[in-house]
1. Contact order normalised by length for the chain, with contacts defined as Cα pairs under 8 Å and 6 or more residues apart; what percent is it?
2. Any idea how far apart Thr663 and Gln250 come out in nm if each label point goes 7 Å out from Cα toward Cβ?
3. What does the charge count around Lys622 come to, taking other residues whose C-beta lies under 11 Å from its C-beta (Lys +1, Arg +1, Asp -1, Glu -1)?
4. If Lys and Arg each add +1 and Asp and Glu each add -1, what is the summed charge of the other residues whose beta carbon sits under 9 Å from the beta carbon of Lys176?
5. When you count, for each residue, the other Cβ atoms within 10 Å and take the mean per peptide, how do 434-445, 314-325 rank with the highest first?
6. Calculate I(q)/I(0) for segment 126-279 by the Debye formula, one identical point scatterer on each C-alpha and no solvent, and give its log10 at q = 0.11, 0.17 Å⁻¹ to two decimals.
7. Roughly how many debye, to the nearest 20, is the charge dipole of segment 84-128 about its Cα centre, given +1 on each Lys and Arg Cβ, -1 on each Asp and Glu Cβ, and no other charges?
8. Using only the Cα atoms of segment 325-395, construct the convex hull and provide its projected area averaged over every direction, in square nanometres to one decimal.
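Quick note: the coordinates plus some simple rules give every number you see, no bench work behind them. All values derive from a computational prediction rather than experimental measurement. Cβ coordinates were reconstructed from backbone atoms using ideal geometry, including for glycine residues, and neighbour counts include every protein chain displayed.
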Amino acid sequence: MKRLLLLLAMVTSALPAAPQPVVRDLGIPIKAINWVRLHPGRGPDGQPSLLASMGQNNGGLFVIDIDLATGHCRQFNAPSAAQQYPTGSFRSPRTGVLYVGSHTDGHHLRYDPAHRERGLEDLGAIDGASETFPTGITETPDGMIWVGGYPDCALTRFDPATGEFKRFGKMDDTDKYLYPIAGADGTLAALTKVVHPHLILIDPKTGAHQTVGPVINPEDKAQHLLFYKGLDGLLYYETHAGNFRVRGNQLEPVTHLPPPLPPFIAAGNITVPFRDTLPLPDGTIAVWDDGDEGAGTFHTLRLLSTNPNVTPRLLHLDWQGGGSNLFVLQFGSDGLLYGSSFLPEHIFRCAPDGSGMVNLGRCSLMLGEAYTIGNFSDGTMAFGSYPHSNISLFDPRKPWHFGTDADANPRDIGRLDDVGIRPIAMTAVPALTRADGTTVPERLWVGNLPDYGTWGGTLTWLDPKTLAHGSFRHLMPDCSPFALLWLPEPKQLLVGIAIEGGTGTRAKAEHGGFVIWDAAHDRALYTGDFGIKNIPDVVALAPSGHGLVYALLGHTRYTAEQLGAKAGPTRIALVDPVKRTVVAETEIPATFGRMTEQIQFTLFTGPDAVYGITEQVLYRVKPGTCELEVVWRAPEGDHMDVPGPWHGKTFYFATGWRLRTLTLP
């Protein structure tokens, strides 16, 4: 018997190994930057000095010290690769030192132009492991640096002289974002957002705090708040309930509001500091010539002057980018692969083999990321962009020329309602005939998560020819349309519903579900769970054939973190939308690893079946069942972030900033 087993082992070992999928890297499509802020000031030699803080994924965030004569940049990258986004940054007008709060690790970084040899220093965690997203930095007259944080709405004081942190903890029990500003008179206050934005006055000595003034409801657009430092160095508060000077521990009503210092960016009906564009000490004003309002490349500065006799000039910067994470991948009607990068939103295009790869630049007025890319029957493409769920239309047969006018390509046509902010799902529905014989033209349908601090996402539609559009909210109370699938028979739209609200909120609903939508008459025909017990979010849908549909049941990471153990495992269900029943169901094995962050993309149609991915595994669903088989498991140290489309037996995906393919044998 032992000889037989030995012989069998020898024969088995001599057999050739089964062919394995081949994985290739096609390159880094986008090398762009995010959270860009200019920091004018005075250098250690007393001369005008200009710094900039910039975020990126490959290589981490960095600071550049700009030579105002040549454009040469001394570039200082963050010490850790986890320090990718400079979400909070502030240059002290007293010392010229630049402080940067880094996301994703919540550390306090420092660049001192007087000590360039130190580079970008890591001073430590701002508030332990909890505050991973520094929201704002300010300085009181005594030289203390104050940092607000997310997700605990916490406040921390840093003493540059000693290097010590004093952590004061939460400033609000409901809201998650805190934006502190200090006045020249020593007043310290902070704006919270986004569920019930309001102003908090803070005692700099003790950290004691109190809410003052109105508390607004983000749903009420008639209410507004503007908190800022004026040109006189004092703090001001403009609200729908009156205007105030913030001084000490009280609000003083005022009839005149000075101009703000620095400029601000509006977010819904609240306004917070965004970035400095103050003049340099010699009167020079540096503005981006190719920034947010241009191509978004941030390589060219326009130097203006308060002196009318000084001629404006362009300054070309030589900083080097490493790579931007990719967010969505899709083939266009021209047979080429398109994709969007994440913060900022740039679009790339290449041939299926990766050749001809080009960064096309902006596709939208938004500079977040394209959440979704769709195709119409006439070849027109659509991009749905965060924030504000802006829609852009593109004809790939014409040259790329972004804008908002009728001749632009792509053309940003704006929002389809004033609620949606993340266009999480998109599909084109063909022309339909109503019962009365009238025709509904081909439409783009979009599922949107709601704006910050609100609940109830929207299902919107757009006629790409006339730009007519409509919107429907609360298909299920306080929930959002998260996945869309057109059912050719019975000519209905299947909508997967999630309990997720806007950013900064906690889910109100307990369960997601399904909606069967009549796209010809704009009405729900069914709302329910198809008999699935304890149904979580329906995050992805894929057709199985014979009228059946696979549904991925789980939660995004944000909701899962809120629910903790109650979130439960992610599952796959095979459902019959016509009979409105569940046919089969199974859990995704824990051995498959963690679901990707863009969970809405993780179930899709492949060359011979429905496939899905986690960060570690590409798996196949045996047709007609919920049996799962591993097709490829990423080796140790490797992973997948964003699944893309199939082209024959080749599967496209992204790992961070890298575009990759996996080809089946």
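1. Result for the chain is 9 percent.
2. About 7.7 nm separates the two model spin labels.
3. -2
4. Taking every other residue near Lys176 into account, the sum is -2.
5. 314-325, 434-445
6. Debye intensities relative to I(0), on a log10 scale: -0.38, -0.95.
7. 260
8. 4.2
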